[in-house]
Amino acid sequence: MNIIQRNFFKLIRNGAFEHKEQIEPMSVCKWNKLKQLALMHDVAETIYNGLSTSKDQFFLQMTNEQWTQWEKTIEERQQKIRQDDEDDEFLRADHLTNPVLNMKLQSILDDEQSDIATRQLLLIIIRIARHILNEGVPVRQLVNLGKYLRQESHHVDFFSLQKWLKDIRFVQIAQLEGALLIKMFNFEEQEVPFLQGKLDKRAEQVAQELTEFTNTRAQDFYFSQESGNVFVHTSNGTAMLGHIRRSARYFHYLPSETLTNFFASFAHSLSHIEE
């Protein structure tokens with residue numbers, strides 16, 4: 001992990017989880033690259049909060065112009081109307097592409113006797129899994145998972161959560177998510193109660209996917225058809241190949257959902273063809 005990524009995660013931990021880690025000195029160029037990384041992963045506010053809480057550190061030497069640019073960026077983002085992840089219907093956490101597993105999920109969500117906090121944690125875990133399959137490692141969603149565990153863990157029925165994860169066959173992917181919290185954000189194992197057994201050794205390799213992440217979303221390989229043209233083409237062939245590689249990479253963690261997710265994503269992309 002290079003210095004930009006190290007400072008990136010240090011600032012997330014300082015900004016989101018109240019750590020006091022020492023930031024390493026970087027050039028103006030590298031600070032600008034870190035800002036681009038923060039915007040790409042939609043964690044600019046968290047990074048800025050980390051910068052603010054670390055402002056008095058000796059090695060955090062940014063120019064006045066850089067601070068002004070950060071303040072302007074955050075102000076613009078706060079004024080902009082954000083679309084929630086679930087505005088993208090395909091990435092909805094309350095729906096699985098595997099029809100059998102989706103029936104089980106709907107049964108869990110419709111059970112009014114179940115605990116709301118536990119259901120919310122289940123949806124966060126599912127949302128991260130959907131993003132992993134379709135976009136890559138979702139830093140912002142993992143930060144949200146960490147915050148939820150820190151703030152609401154005492155309200156969660158982890159016995160029921162483990163049963164639900166087993167019912168919808170999400171145990172393996174949940175273990176990966178927990179391992180990523182430990183690897184990326186320095187969580188302790190006892191802070192992730194849904195972890196079982198040994199940590200997944202591949203978590204570090206998965207975390208390196210950040211270096212491959214280019215902000216290509218599932219819709220980047222949607223099919224389209226230009227007016228007057230009988231030929232159909234994809235908007236981004238590289239993104240489609242990346243989607244195939246992710247499906248193969250994470251098949252071990254979520255076999256029952258990975259295949260149906262890929263074909264559902266493919267079918268969903270056909271909706272972009274003009275009639």
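The values are calculated or read from the model by the stated rules, or taken from the named source; none is laboratory data. Because the structure is predicted, anything quoted here is derived from the model rather than measured. For neighbour counting, all protein chains shown are included, and Cβ atoms are generated from backbone atoms with ideal geometry for every residue, glycine included. For accessibility, only protein heavy atoms count, side chains too; no ligands or nucleic acids. Shrake-Rupley method; radii C 1.70, N 1.55, O 1.52, S 1.80 Å.
Between Q78 and M1, what length in nm is gained on full extension when 0.36 nm per residue of separation is reduced by their alpha carbon distance?
Once the chain is fully extended between Q78 and M1, it gains 24.7 nm.
Is the stretch 1-154 best put as rounded, prolate or oblate by its Cα gyration tensor, with a ≥ b ≥ c the root eigenvalues, rounded for a/c under 1.5, and otherwise prolate when a/b is larger than b/c, oblate when not?
Here the stretch 1-154 falls in the prolate category.
What number comes out for the charge environment of S256, summing +1 per Lys or Arg and -1 per Asp or Glu over other residues with Cβ under 11 Å away?
So the environment of S256 carries a net charge of +1.
Decide, for the stretch 97-171, between rounded, prolate and oblate: order the square roots of the alpha carbon gyration tensor eigenvalues as a ≥ b ≥ c, take rounded if a/c falls under 1.5, and otherwise choose prolate if a/b is larger than b/c, else oblate.
Oblate.
So, with a 1.4 angstrom probe, what is the percent of accessible area on the stretch 59-204 that is carbon and sulfur?
Its accessible area is 46 percent carbon and sulfur atoms.
Which FRET efficiency, nearest 0.05, do K166 and E188 yield, Cβ-Cβ r, R0 30 Å?
0.80
If I model a spin label at E18 and A117 as a point 7 Å from the Cα along the Cα→Cβ vector, what separation in nanometres do I get?
1.7
At a Förster distance of 25 Å, what's the computed FRET efficiency of Q66 paired with E152, Cβ-Cβ distance as r, to 0.05?
The pair Q66/E152 has a calculated efficiency of 0.10.
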